[in-house]
Amino acid sequence: QQPVQSPQAVILREGEDAVINCSSSKALYSVHWYRQKHGEAPVFLMILLKGGEQKGHEKISASFNEKKQQSSLYLTASQLSYSGTYFCGTGDNYGQNFVFGPGTRLSVLP
Amino acid sequence: NAGVTQTPKFRILKIGQSMTLQCTQDMNHNYMYWYRQDPGMGLKLIYYSVGAGITDKGEVPNGYNVSRSTTEDFPLRLELAAPSQTSVYFCASGLQGAGYSNQPQHFGDGTRLSIL
């Protein structure tokens, strides 16, 4: 079953922060985050596995709360290059049935 | 490093025609995937393979076929093309299954297919 992402879209000014959420109705084992720019392929950001760890990638970090079956992606001090659509992908508690969410469109304006 | 290579990049088909989308990877990955992405939408899994000779259906397999005779290649066949198959098709590969490992999927640049 496809995870739910919120918000669907967000507009920021350079330097502002954003949070993108990904939630599932089933128990999760893994959450993947990808960014896709218009007309390009998705690019890997990070993976979080069951265990509630938080990861960081430059000014982009993420958390995974397996009890709440959700993950959040944090973008701090956003840059113009952060614009794009962010997808989460989730694997269930058996590690099977990996599915992508519908995406969150992020626009960073000067 | 080539990574995942898809051909062609663009193609226009007439209704009822058939074609094969090619995908090859040089990373010796066991897992390979085909996704379609409709405008403004997410990625829908068509078929996947866990190794040479093994394929399985994803969420939207109707109208497509795949084969996996080698580790490197995973072609996607469209039979009797329909307008509903107009989409961008992405091939991806991974060292392990996407759902239960810390290994990412590596995507090709996509094939933009229009059926008129």
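Worth a mention:
- Residues whose placed amide H lies under 5 Å from that of B:Asp109, excluding near-sequence neighbours: B:Gln6
- Top positive-direction residue, dipole computed over chain A with Cβ charges, set A:Leu49, A:Leu12, A:Ala62: A:Leu49
- Per-residue Cβ neighbour rank within 10 angstrom, fewest leading, B:Ser67, B:Ser114, A:Ser81, A:Ser30: A:Ser81, B:Ser114, B:Ser67, A:Ser30
- Close amide H pairs (under 5 Å, H built 1.01 Å from N) link B:Thr86 with B:Ile115, residues at least 5 positions away or on another chain.
- Amide N proximity, segment A:1-45 versus A:Lys59 label position 7 Å along Cα-to-Cβ, cut-off under 14 Å: A:12-19
- Inter-chain Cβ neighbour average for residues B:77-86, partner chain, 10 Å: 0
- Dipole magnitude of the protein assembly as shown, debye to nearest 20 (Cβ charges: Lys/Arg +1, Asp/Glu -1, about Cα centre): 340 debye
- For chain A, the Kirkwood radius over C-alpha pairs fed into Stokes-Einstein at 37 °C and 0.692 mPa s yields D = 238 µm² per second.
- Note on A:Glu16/A:Lys50: beta-carbon distance plugged into 1/(1 + (r/R0)^6) with R0 of 25 Å gives a FRET efficiency of 0.20.
- Shown for A:Asp17, A:Asp92: other C-beta atoms within 10 Å of each C-beta, ranked fewest to most, produce the order A:Asp17, A:Asp92.
None of the figures in this text is laboratory data; all of them are computed from the coordinates on show. Computed from a prediction, not measured in an experiment: that's the story for all the values here. Methodologically, a virtual Cβ is constructed for each residue, glycine included, from the backbone with ideal geometry; neighbour enumeration extends over all protein chains shown.
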